[in-house]
Amino acid sequence: MVSNRANCKAVSFAKKNNIDVYIVEETKPALSNDEIDLLNVLIEYKADLLVLAGYLKLISIPIIDCYQNKILNIHPSLLPKYGGKGYYGQRVHRAVLNSGEKESGITIHLVNEKYDEGFVLFQKKIFIDRINETSDLSAKILELEHFYYSKVIALFCLNKIRWKNNKPQLIEEKDFEYEVCNN
């Protein structure tokens with residue numbers, strides 16, 4: 001398990017369950033020794049899919065190149081809106097509500113060299129016209145993230161992502177039936 005935050009719940013969970021942990025310092029720039037070390041760790045562990053959740057550092061080009069189309073991320077808005085550097089967590093939800101949007105949701109996408117600009121694999125929308133507090137929106141979005149991210153990861157691992165002209169096609173909810181029915 002890799003994290004850019006040594007004190008997050010995922011690190012505590014990993015340590016409690018004897019899962020190896022590697023911390024990438026937030027203050028180190030991309031292509032620092034930490035990033036090169038991270039790539040070596042990923043190779044050493046024979047990682048074949050990187051799944052990001054709350055990882056706030058920009059992934060370095062050597063890692064992007066080594067794991068082309070094998071890095072997934074989840075974002076708490078309907079990209080391309082409210083994405084990019086600085087748009088994470090409550091900041092996203094505050095921006096969505098302040099803009100008067102009628103809907104929000106999640107985006108699961110492949111990672112490239114820019115924040116939140118990789119190919120979109122899946123989006124789930126919800127109406128938010130009666131939500132006024134960022135904490136309420138955050139709770140709704142977190143429910144979506146927990147429900148859908150594992151399903152998209154499973155489809156990815158089962159090679160059920162359709163590609164056309166070297167681009168992934170959007171996953172539709174009906175595509176989850178395969179994952180549920182055939183496990």
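Throughout, read-outs are computed from the coordinates displayed, never taken from laboratory work. Keep in mind the model is a prediction, meaning the values are calculated, not measured. FYI the Cβ positions are ideal-geometry reconstructions off the backbone, even for glycines, and counts take in every protein chain you see.
Taking every full run of DSSP H in the chain, the ones that stretch at least 15 Å from end to end by Cα along their long axis and average -1.0 or higher on the Kyte-Doolittle scale are 33-44, 134-157.
Less than 5 angstrom separates the built amide H of Glu117 from those of Asn112, all sequence-distant by 5 or more or on a different chain.
Extending 7 Å from the Cα toward the beta-carbon at both Phe13 and Lys85 defines two label points whose distance is 3.0 nm. In the chain, helices alone account for a calculated mean residue ellipticity at 222 nm of -10500 deg cm²/dmol, with every DSSP H run of four or more residues adding -39,500 (n - 2.57). Result for the chain in a Gaussian network model with C-alpha springs under 10 Å: among Gly86, Gly118, Gly105, the largest mean-square fluctuation is at Gly86.
Taking R0 as 30 Å, what's the FRET efficiency between Trp163 and Asp129 from their Cβ-Cβ distance, rounded to 0.05?
Working: r = 36 Å, r/R0 = 1.20.
For R0 = 30 Å, the calculated efficiency reads 0.25.
By the rule of a C-alpha distance below 23 Å, with chain neighbours fewer than 8 residues away ignored, the lysines paired with Lys160 are Lys46, Lys70, Lys124, Lys125, Lys151, Lys174. Taking the fewest neighbouring Cβ atoms within 10 Å as the starting point, the ordered list for Asp37, Asp129 is Asp129, Asp37.
Close amide H pairs (under 5 Å, H built 1.01 Å from N) link Ile126 with Ser104, Gly105, residues at least 5 positions away or on another chain. In sequence order, segment 73-87 has phi-based couplings of 9, 10, 10, x, 7, 8, 4, x, 5, 6, x, x, 4, x, 9 Hz under the Karplus curve 6.51 cos²θ - 1.76 cosθ + 1.60, θ = phi - 60°, and Gly or Pro positions carry x. A value for Kirkwood radius over Cα pairs in Å was derived from the coordinates, and within the list [x] 18.2; [y] 18.9; [z] 17.5 it appears as [z].
Return a whole-number percent for the relative contact order of the chain, with Cα pairs under 8 Å and 6 or more residues apart as the contact set.
So the answer I get is 15 percent.
The modelled label-to-label distance between Asn40 and Lys114, using points 7 Å beyond Cα along the C-beta direction, is 3.3 nm.
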